[in-house]
1. How big is the C-alpha Rg of segment 161-272 next to the rule-of-thumb value 2.2 N^0.38 Å, as a ratio?
2. Would you please state which residues of segment 143-187 a label at A267 would reach in this model, taking the label point 7 Å out along Cα→Cβ and a backbone N cut-off of under 15 Å?
3. For E225 and R138 in the same chain, what is the full-extension length gain: residue separation times 0.36 nm, less their Cα-Cα distance, in nm?
4. Identify the trypsin sites (Lys or Arg not before Pro) of segment 177-223 meeting these criteria: DSSP loop state and at most 15 other C-beta atoms within 10 Å of the C-beta.
5. V212 to R131: extension gain in nm, 0.36 nm per residue of separation minus the Cα-Cα distance?
6. Two-decimal Rg/Rh of segment 131-207 from alpha-carbon positions, Kirkwood Rh?
7. Which of T234, T144 has the fewest other C-beta atoms within 10 Å, and how do the rest follow up to the most?
8. Using the 2.2 N^0.38 Å rule of thumb for compact globular proteins, work out how segment 84-213 stacks up: its C-alpha Rg over that value, please.
Amino acid sequence: MSRDLSAPEHRRLMLDSVRDYLDQLAEEGLEGLPAERSRGTSQAATKVVPRSSDVLSPTPAPRPAPAPIELLSAYPGLEKTATLTELRSFIGDCKRCKLAPLRTNLVFGVGNPDADLMFVGEAPGADEDARGEPFVGRAGQLLTDIIERGMGLRRGDVYICNVIKCRPPDNRNPEPDEVATCEPFLMRQIDLVRPRAIVALGTFAVQALLRVKTPISRLRGNWQEYRGIKLMPTFHPAYLLRSPGEKRLVWLDIQEVMKLLGVPLPARGSSR
């Protein structure tokens, strides 16, 4: 295992990377920084196009701000992973934190690798740990209903993952060291998917992504920003199972997401 870099070493690594990049631009005869690529060029041509693309806005989304170099450098080579498949292979049979001996399966993420919309939850539960897939229990079925019956999309059109990839014992909240261990992987997932919007599900996911302690009841329904991406905080489906009266609030939040993405409200009784 590589040693942890000190703060000065992190700064020196970042400055060296920026200096190398500027030198490369000078060699190519460019002055200043190039404009960002749109989603419609180069790499995007090789990505899977969702069948729901006919209802999504054609306006390209700006590329999310890349994950900080010092964070990705915790795992040398992580920044070179070019696809979600490569990222999953890089993570491997992860034993980087104390949750590893307790899990049945590592729960990476599922869905469209070029999704405009990403859902981020807290951590796997018992059903997810057993199957190795996020949101497959009762809360997962409710999330699927929100996506398919509410939004008129398919579950496979979006991308779904969690802040951490292994189930905490007794479904407790992830601890800070566990979040820190998984954070570079979540950031790389976001870099590779390049969503136009993120729906953060529940208190812990919202607080972990935004690095705040504000209660979800004060944040939900109000657009936030995560590294240049629009982020909508809302209640976790598991909470809705216990408090079904709050479903109407989540539906209001989801409608705001649909407006951003240009997804029309489906006719009642229709399904895609």
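Any read-out appearing in this document is the output of simple, stated calculations on the displayed coordinates, not a laboratory observation. Because the structure is predicted, anything quoted here is derived from the model rather than measured. Cβ sites come from the backbone with ideal geometry, for glycine too, and all protein chains shown count toward neighbours.
1. 1.13
2. 152
3. My answer for the length gained is 28.4 nm.
4. R211, K213
5. Numbers: separation 81, 0.36 × 81 = 29.16 nm, distance 3.13 nm.
Gain in length upon complete extension: 26.0 nm.
6. Using only Cα positions, Rg/Rh for segment 131-207 is 0.96.
7. T144, T234
8. 0.98
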